[in-house]
1. When only residues in the stretch 19-70 that are near the ligand (Cβ under 10 Å from one of its atoms) and part of a helix (DSSP H, G or I) count, which is surrounded by the most Cβ atoms within 10 Å (Cβ to Cβ)?
2. So which pairs qualify, if the first residue must be in the stretch 21-36 and farther than 15 Å from VAL48 by Cα, the second must be among the basic types (Lys, Arg), the Cβ gap must be under 7 Å, and the two must be at least 6 apart or on different chains?
3. How many residues, within the stretch 1-18, are of a type in the set (Gly, Ala, Ser) and either surrounded by 14 or more Cβ atoms within 10 Å (Cβ to Cβ) or at pLDDT 90 or above (or both)?
Amino acid sequence: MRTGMDRLGFEVPAAKGRRMCLEKRQFLTKNAARDFSIKGVKHYDNSVQQPYRCGLCGKFHLATVRKAKK
Ligand SMILES: [Zn+2]
């Protein structure tokens with residue numbers, strides 16, 4: 001079965017690829033990702049998320065920054 005992974009030109013274990021890319025929301029720009037994160041923090045009390053460029057799809061995703069536990 002062909003998947004989006006085939007276009008990448010390198011092998012990524014499917015489970016890892018899903019976790020770090022396919023299951024995540026995509027953003028075209030870092031700013032779009034950051035805006036979305038800020039909105040989530042303001043309106044839904046989400047934890048802060050850090051935009052990063054994805055090595056798989058070349059777009060941006062958000063990584064949750066875990067709040068330090070006391
Ligand atoms: Zn990706």
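The values are calculated or read from the model by the stated rules, or taken from the named source; none is laboratory data. Here the structure is a predicted model, which means the values were calculated and not measured. A quick note on method: Cβ atoms are made from the backbone with ideal geometry, for glycine too, and the neighbour counts reach across all protein chains shown.
1. Restricting attention to the stretch 19-70, the residues satisfying the condition of being near the ligand (Cβ under 10 Å from one of its atoms) are 20-27, 52-61.
Subset that is part of a helix (DSSP H, G or I): 20-22.
On the way: MET20: 17, CYS21: 19, LEU22: 14.
Restricting to residues being near the ligand (Cβ under 10 Å from one of its atoms) and part of a helix (DSSP H, G or I), the top hit is CYS21.
2. Listed pairs, sorted by first residue: GLN26/LYS59; PHE27/LYS59; LEU28/LYS59.
3. To start, the set of residues in the stretch 1-18 that are of a type in the set (Gly, Ala, Ser) comprises 4, 9, 14-15, 17.
Imposing the further condition that a residue be either surrounded by 14 or more Cβ atoms within 10 Å (Cβ to Cβ) or at pLDDT 90 or above (or both) reduces the set to 17.
Residues that pass the stated criteria total 1.
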